[in-house]
1. In terms of modelled amide H atoms, which long-range or inter-chain residues lie less than 5 Å from the amide H of A:Asp456?
2. Please go through the residue pairs A:Lys251/B:Lys403; A:Lys384/A:Lys473; A:Lys561/B:Lys115; A:Lys570/B:Lys154; B:Lys46/B:Lys280; A:Lys561/B:Lys138 and name each one whose alpha carbons sit more than 24 Å apart in this structure.
3. So how far, in whole Å, is the C-alpha centre of the stretch B:272-316 from the one of the stretch B:464-535?
4. I need the shape label for the stretch A:38-165. Rule: rounded when a/c is under 1.5, else prolate if a/b > b/c, else oblate, with a, b, c from the alpha carbon gyration tensor.
5. Size of the dipole of the protein assembly as shown about the Cα centre, Lys and Arg at +1 and Asp and Glu at -1 on the beta carbon, nothing else charged, in debye to 20?
6. What does the structure give for A:377-388 when I average, per residue, the other chain Cβ atoms found within 10 Å of the residue Cβ?
7. What average number of partner chain Cβ atoms lie no more than 10 Å from the Cβ of the residues making up A:207-213?
8. Heavy-atom accessible area per residue, the stretch A:3-237, 1.4 Å probe: how many Å²?
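The values are calculated or read from the model by the stated rules, or taken from the named source; none is laboratory data. The shown structure was predicted, so the numbers you read here are calculated from the model rather than taken from an experiment. Using ideal geometry, Cβ is built from the backbone for each residue, glycine included, and neighbour counts are taken over all protein chains shown. Surface accessibility is based on the protein's heavy atoms, side chains included, excluding ligands, DNA and RNA. Shrake-Rupley method; radii C 1.70, N 1.55, O 1.52, S 1.80 Å.
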Amino acid sequence: MSFELNRRLAARREPLPTSATVDPVTASIIRGAMETVCFEAATHLGRAASSPIINSSNERNASIIDAHGRLAAVAIGTPHLTFVSQLTVRYGLEMFKDFDWGPGDVFLGNDPDYGGGHLPDYNVYAPVFDDNGELILIQALQAHQGDTGGKDPGGFTLEATDIFTEGLAIPCLKLLHRGEKRLDVIRMIERNNRFATFRGDLAAMISAVQLAVRRLEDVIRKWGADAVKATINAEIEQSEKRLREEVSRWKDGTYEADVWIDHDTQGTKDIKVHAACTIQGDQLTVDLTGTDDRPNLVGVWNTYGNTRSYIMVQVAAAIDPGIVKNEGLFNAVEMIVPEGCIAHPPPNKPAALGSFHPACEITEAVCIALSQVVPERATPQVYKIGMPNAVIGFDAKGQMWMDQGVDARSMDSSAVQGIDGWGSSCVGLGNLLLSEAEDLESRFPIINLSREMTTDTGGAGQWRGQPGSLNVKKVLAPTMAMAWMVSSRHPLRGLCGGEDAGGYENRFEVGTPNERRIELSALAQLPAEAVIAYQHGGGGGFGPALLRDPEAVKDDVLDEKVSLQAARDKYGVVLTGSLDDYDLAVDVAATAALREQMGSAKAA
Amino acid sequence: MGYRVGIDIGGTFTDFALLKGDEVILHKNLSTPEDRSVGVMTGLKKLAEKEGLALADFLAQCDAIVHGTTVADNTLIEMNGALTGLITTEGFRDEIEYRRGYKENIWDVRLDPPKEITPRRRRLTVPERVLADGSVYKSLDEAAVREACRKLVKQKVESVAISLLFSFVNPAHEKRVAEIVAEEMPGVPISLSHQVLPRAPEYDRTSTTVVNAYVAPRVNHYLERLVERLHEAGYQKRLMVMQASGGVMTREYIEGAPIRVLASGPAGGVIGSAHVGAAKGHPNLLCVDMGGTSYDMSVVLDGAAPAEAGWNMHHRYLIGVPMVQVETLGAGGGSICHVHNGALQVGPASAGSEPGPICYGRGGVQPAITDALLMLGILEADTDFAGGSFSLTRKGVDAAFAKIGAEMGYGAEDAAFDCWRMVNANMSQAVRRTVASKGLDPKDMVMLAYGGNGPVFAAIQAEDLGIAKVLVPKASPTFSALGTLVADPAIDEERSYLSSADKVDGERLKGLWQDLEARAGRYFTDAQFANDQIKARYQLKMRYPGQNWTLAFDVRVNQGLGDLSFVDAGIGVRAVELFNERHMAEFGHVRDDEMPEITGLRLVTSVQTPSPQVSAGTSAPRAAAKAARSRRANLGRGYADTPVFRGSDLRAGSEVAGPAIIEETFTTIVVYPGWTACVDDAGDYELVRT
């Protein structure tokens, strides 16, 4: 629990010792088998879990770590979680002797200061030994839990100044010893969670990991431990090589970007994330020096393990999507993250909200910097949302319920060169399924009044950002609502001349004398019938708006994604006809004239 | 007893299976894409000729014509359905665009959006709101509906989907909207969400309804024309149509929700498999169908192919109606082999049938799996291929694999062998993923292989997966047509009902089942089936609170509709017991301290109709068959002189020990080393590990 530990955990690891070699086709077959095991484990968890965030939102991922703590294979989940699993396991591996690792053991870790992301991300992992008792692999399964036993339900405490406020931190805990459940331990973990469904979730995680271990034992038996080790070595080497090949095609130089967070949870304004991406031959270096390090900031601390992951998410987006995701990517990228800055906090800082911000600003800064060299793959893999409106109440039996606010909506879906922003969010979040009104309203005393996209909130550009949606809901019983707002003054940035997205905005008790805009954060008691309205930010635009095909602008107006006014003011497109009669047409001459005039005004 | 005819239309061939007493007669002719009913009539004439009858006489003696169609699938592949509009609840205009956040590839930032069936300008909203309990929170603004119609008319909309929130609990608003649309847009087909998919949540229901509206005019038009042609030619009974749920039903029923025929082709194959497997004493099957472009996998459990309504994405749209689950991998004979950044890859791109693999000699230049099979000696050049329609050529094949080999650092034959290994591994992994999402282990199953290429790879994959036995039916090339013949008339519908299991309202449950009974009863009566012929399975869908996926199970199975006496005071307790049993079987644990909830109920009705008899076992004495010839081939263990058998030489009881190749008319069966093939009394092949 120190910077020293972080340095040790993140240090580059050696290949597995083996003199065996394996041909590329066999390697690819063995890797496929390991990825399938990950898929099976995550699928099993998704089917058996009881909390919606796992079984419905799919916030879970599986990865295989090798005996040296290297990421060997991944499947499913989100990129953001995928790249963080290995450090937690590496800490566990340091305790191999002390904690008496053996076949049949299952461990749990979630501690941000011991390689973890944030407390809600429970990482359940188990070693896989070969028939000679040699440790070959560790199967890890990570899933977001609805609660962590801290001050506030859900694990997010706006004013927390240390990790202990947020809940129970677990560096490495043995849940099963040699196949036997340690019931005392499991009961204690279950006790530190507010939700009844947690028991089922933990049981599902354990059984899913056990299933994966059995499958991996079969894989090792079938191919031999040496072939598996040689495969992992070869695959990691290959991914590093592939990433380096991509980087060597990028133009040498240093590309920088600043991204700002509106404020921390206590109102300290303009938190800065700075990224400098340097390309020299086949070496990519991402340097976060210059990122805010004011020690008094609250709630905007992103763990080191997370920072590494959120950098890698955007690097992975910038390369051929076919490159296999494993430790090789980390081997190819140098990351400089100053100790003590908000991207590498000192021990005991709270970590829950940091996984939102500055985590996503780190990703965004890397994206903006890289957009100068790989524009065709530059689109931010982020969620600029602060904390959605979590609504908490108690049912007739006194049991707590919570609507996490992860509703169907559109936010932060930016354009990329040649493709308008589409769908509900960036591709990286495409495995998460959002809650639907008909499910939530059957469970909670809430009515979803609206959640349509808001015209003109997508960043203008040659390729347009998707508009953000306005989610309006009414609570039918007195409840508590919690939120943290950012990305209002500093919305998601447009790229390569594209305009920024529309920002976030949140209002409580809409339509009453108490109506108020939540500028910073809220922890409010709402009376029955209160209406809350959450405007999500849109996606950023890509390329200059004046270059957008006027016919596409006309279609945007017909679709009410862009207003007639904005068609003229932002895109320089003059339309004739009426939207009401669906007979809009581009006035080609007037458009050309207006665009020329706007272009020269801009140049001047 | 009269004839029964099963017809399945594929991309290249239209397949026919004629059931005459216990005998099955197969026929195949080319499909006619411009008007597919032409190919159907041609085939029927051929069958009539075979029976020595005039078409009219033959058709007059047909008890049933059962048809599987790909019209809906083709509409979505080509995206040329009706210009569709959507009317939905105010505030929910964009659900279909959000897709609940789903995107198909989380790593590819250049992923294109799906082509929109209803772009935002054709998604119009009306003020109204029904709540979860069915109460009206906001009354319907009829003027707004008329205004929406005006806008849709302006845009020349040809088909309208209506999907309002909680319409599956209280459809009053949706029905009223439909009335107004019918007034304002006379003649335009309307799809109502509470009829197409009466369940939560809104994205699933809306997507299904919108796709239904999109394909409905084409499907209905096609079926109407076919019915007309059949009628004119002398067929007097109802045309039965295959559904993706694995049952068939009258054209009149399909007309109400044509979405039900989407993906029905593969379902037919699975139903055929279940029938054959069950007859041979193998109720649990892993069915694999490998053709030219894809490898389709499905699971048969306890002799049935359960239709599930889940997260079924088809052509990038969610289709929520119950479907026999068929997973598809882009791996077939036409799958292209290539080297990408130093890695050998097979598929998913396919050479298709035109130009096809290089060895088809039709101008293909990229090596495909069929070419690799030729290199390996599993197939042979210059002899009859695909039932004698043409022969393969070796020209250009060696050079293509030499090129791959050069990139990989070895020769052409090694390259071909690695392509074979690669496609094998891809298929095995895909099978594992398919069965994983069902909580099964392939080890416990028997593989049933069909399609032109299925039997080529079946045994080696079975070995990979720990499967000990493989069945290859003789009829495998026309399996889907046989499947339509096997499939029973069936209606599978559900209603939403949310309640904790300890607070079940028996009267409401009864009422909902009665609704479903009334619908099913009407269509079965219409199709001239008697009530006592109808097998009715009353199912509940349940989950523990917080779970998102439900488990469906039988609460009662009756012969004949109308007896709901089982819905008594004890129904809740029994439901919990049955649910826990299912949960234990599925997930290995039960949550004693949690009260499960009911999310819906389902009525699965079917009528058993005559099916082809499949015999099992081998009464003939076993005898080693005699090879017709031999050739140099690599069956996974290097090149060796390998005996080749002619399928037509083999008889019941014939045994072929691996390594060996058996050439059938439309397929090739590879008996890998360590396997033995035996022909049973039905002429089907059984491969076992020895």
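1. Hits under the 5 Å cutoff: A:Val562, A:Ser563.
2. Numbers: A:Lys251/B:Lys403 32 Å; A:Lys384/A:Lys473 21 Å; A:Lys561/B:Lys115 17 Å; A:Lys570/B:Lys154 28 Å; B:Lys46/B:Lys280 31 Å; A:Lys561/B:Lys138 27 Å.
Cα-Cα > 24 Å for A:Lys251/B:Lys403; A:Lys570/B:Lys154; B:Lys46/B:Lys280; A:Lys561/B:Lys138; rest within.
3. 16 Å
4. Working: a/c = 2.12, a/b = 1.38, b/c = 1.53.
Oblate, because a/c is 1.5 or more while a/b does not exceed b/c.
5. Numbers: 128 positive and 167 negative charges, 190 e Å.
Roughly 920 debye, rounded to the nearest 20.
6. What the average comes to for A:377-388 is 1.
7. On the way: counts 3, 0, 0, 0, 3, 0, 0.
Mean partner shielding for this stretch: 1.
8. Details: 7300 Å² over 235 residues.
Here the per-residue accessible area is 31 Å².
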